[in-house]
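Since the structure comes first, as structure tokens, the remarks are kept for the end.
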Amino acid sequence: AAQRVTFAQHLPRRALLEAIQSGGIPVAELLPVFGVSTRTYMRLRAEPDKLLDAEQSGRVWQFAALLAKAEDVFGSSERAVDWLLRPAMALENRRPIELLTTPVGVHLVDDVIERMRYGVYQ
């Protein structure tokens, strides 16, 4: 029987590895977003079929959803990634990627993306 992945389940490590490698964001910028040290990242790469813990799985889901929303608002993956890596006036000149390490920061970045969707921020 095929296994369905839901939010309650742990994702395979491969999901985190693919999120890190696919977006064009430097690995060193993304590891803190997922709460992973360089040493842990190396262990994850060694056994990609093992499962992530609940927090890491949640962070992968959250990042994927936020990135998809940003891509929709900015019209391309490249423009979304560029925005994540540059200081944003709406975030007091902080880089959005740096705020994605905490739940409050994720909420702030998500809020700015939503405001841009409706033309509140440029």
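The values are calculated or read from the model by the stated rules, or taken from the named source; none is laboratory data. All figures in this text were calculated on a predicted structure; none of them were measured in a lab. Cβ atoms come from the backbone with ideal geometry, glycine included; neighbour counts cover every protein chain shown. What goes into the accessible areas is simple: the full protein's heavy atoms, side chains included, and nothing from ligands, DNA or RNA. Shrake-Rupley method; radii C 1.70, N 1.55, O 1.52, S 1.80 Å.
Kindly indicate whether residue 8 is out of contact with any Gly (no Cβ under 8 Å at 6 or more places or on another chain), loosely packed, with under 10 Cβ neighbours inside 10 Å and at pLDDT below 90. Step through it out loud before you land on a result.
Details: out of contact with any Gly (no Cβ under 8 Å at 6 or more places or on another chain): yes; loosely packed, with under 10 Cβ neighbours inside 10 Å: yes; at pLDDT below 90: yes.
Judged against the criteria, residue 8 is a match.
Evaluate the following for residue 95: is it open to solvent by 20 Å² or more (accessible area, probe 1.4 Å) and touching a Lys or Arg at 6+ places or on another chain (Cβ under 8 Å)? Let's see the steps before the verdict.
Working: open to solvent by 20 Å² or more (accessible area, probe 1.4 Å): yes; touching a Lys or Arg at 6+ places or on another chain (Cβ under 8 Å): yes.
In short, yes.
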Residue in the range 24-37 that is modelled with pLDDT under 95 and farther than 15 Å from residue 97 by Cβ present: yes
Index of the failed condition, residue 72 passing every other in (1) modelled with pLDDT of 95 or more; (2) farther than 18 Å from residue 103 by Cβ; (3) within 13 Å of the chain's Cα centre (by Cα): (3)
Total residues in the range 77-122, condition closer than 26 Å to residue 56 by Cα and among the polar types (S, T, N, Q): 3
Qualifying residue in the range 28-40 (condition: open to solvent by 30 Å² or more (accessible area, probe 1.4 Å), under 17 Å from residue 10 (Cα atoms) and either in contact (Cβ under 8 Å) with a residue 12 or more places away in the chain or not in a helix (DSSP H, G or I) (or both)): yes
Breaking point among (1) surrounded by 14 or more Cβ atoms within 10 Å (Cβ to Cβ); (2) over 27 Å from residue 9 (Cα atoms), for residue 120: (1)
Total residues in the range 49-73, condition in contact (Cβ under 8 Å) with a residue 12 or more places away in the chain, open to solvent by less than 60 Å² (accessible area, probe 1.4 Å) and in a helix (DSSP H, G or I): 12
Unmet requirement for residue 101, which otherwise passes all of (1) part of a helix (DSSP H, G or I); (2) within 12 Å of the chain's Cα centre (by Cα): (1)
Of all residues in the range 75-92 being closer than 22 Å to residue 27 by Cα and among the hydrophobic types (A, V, I, L, M, F, W, C), the one that is surrounded by the fewest Cβ atoms within 10 Å (Cβ to Cβ): 85
Matching residues, the range 11-23, being modelled with pLDDT under 90 and either more than 17 Å from residue 57 (Cβ to Cβ) or surrounded by fewer than 17 Cβ atoms within 10 Å (Cβ to Cβ) (or both): 21, 22, 23
